[in-house]
1. Residues being on the phi > 0 side of the Ramachandran plot and of a type in the set (Ser, Thr, Tyr): count how many of those fall in segment 70-99.
2. Given the condition outside any helix (DSSP H, G or I) and under 11 Å from the mean Cα position of the chain (by Cα), answer yes or no: does some residue in segment 69-79 qualify?
3. Residues in segment 1-18 that are farther than 13 Å from Cys78 by Cβ and either surrounded by 11 or more Cβ atoms within 10 Å (Cβ to Cβ) or in contact with an Asp or Glu (Cβ under 9 Å, 6 or more places away or on another chain) (or both): how many?
4. Is one or more of the residues making up segment 88-97 out of contact with any helix residue (DSSP H, G or I) (no Cβ under 9 Å at 6 or more places or on another chain), of a type in the set (A, V, I, L, M) and at pLDDT 95 or above?
5. If Glu63 meets every condition in (1) loosely packed, with under 14 Cβ neighbours inside 10 Å; (2) among the charged types (D, E, K, R); (3) over 18 Å from Ala11 (Cα atoms) apart from one, which number is that one?
6. Could you tell me which residue of segment 19-35 is modelled with the lowest pLDDT, considering only residues that are surrounded by 18 or more Cβ atoms within 10 Å (Cβ to Cβ), under 15 Å from Cys78 (Cβ atoms) and not basic (Lys, Arg)?
7. Return the pairs, sorted by first residue and then second, in which the second residue is of a type in the set (Phe, Trp, Tyr), the first residue lies in segment 54-65 and is more than 18 Å from Glu29 (Cβ to Cβ), the beta carbons are less than 7 Å apart, and the residues are 6+ apart or on different chains.
8. With respect to Lys96, determine if the residue is assigned to a loop (DSSP other than H, G, I, E, B) and in contact (Cβ under 8 Å) with a residue 12 or more places away in the chain.
Amino acid sequence: MEKLQAEFPEAHLVKAFNSVGNPRMVDPEFAGGIRPSMFICGNDDGAKAQVRDILDEFGWETEDMGKAEAARAIEPLCMLWCIPGFTRNEWTHAFKLLH
């Protein structure tokens, strides 16, 4: 994401949805009604606010990790998310940040 943002500085990029499979992107349902966390980052606060609204409508709790550089930490979550899928064929999980 950093490279894309540097290449297209006027673009309003927001990193999201890289740590969940498509069946759970909209209306993710988990035991106890727990809303999973979607980690986002980007340089434009307005664009992040729009993504936050979409995530809220879709049933997610948004966790804003900061500017585009935060994608360095968010992008590897995809690999972590894939491990249960590849090892146990479990592809319907998500992450939750506890406060």
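The values are calculated or read from the model by the stated rules, or taken from the named source; none is laboratory data. This is a predicted model, so every value here is computed, not measured. Here Cβ is always computed from backbone atoms with ideal geometry, including for glycine, and neighbour counts include all displayed protein chains.
1. Initially, segment 70-99 is screened for residues on the phi > 0 side of the Ramachandran plot, giving 89.
After this cut, where a residue has to be of a type in the set (Ser, Thr, Tyr) as well, the list is none.
Of the residues in segment 70-99, 0 are on the phi > 0 side of the Ramachandran plot and of a type in the set (Ser, Thr, Tyr).
2. From segment 69-79, those outside any helix (DSSP H, G or I) are 75; that's our starting set.
Still in the list and also under 11 Å from the mean Cα position of the chain (by Cα): 75.
Yes - at least one qualifying residue is present in segment 69-79.
3. 7
4. Residues of segment 88-97 that are out of contact with any helix residue (DSSP H, G or I) (no Cβ under 9 Å at 6 or more places or on another chain), as a first pass: 88-89, 96-97.
After this cut, where a residue has to be of a type in the set (A, V, I, L, M) as well, the list is 97.
Okay, now just the ones that are also at pLDDT 95 or above, so 97.
Yes, the conditions are met somewhere in segment 88-97.
5. That leaves (1) as the condition not met.
6. The qualifying residue modelled with the lowest pLDDT is Ser19.
7. Listed pairs, sorted by first residue: Glu63/Phe39; Met65/Phe39.
8. Working: assigned to a loop (DSSP other than H, G, I, E, B): yes; in contact (Cβ under 8 Å) with a residue 12 or more places away in the chain: yes.
Yes: the conditions hold for Lys96.
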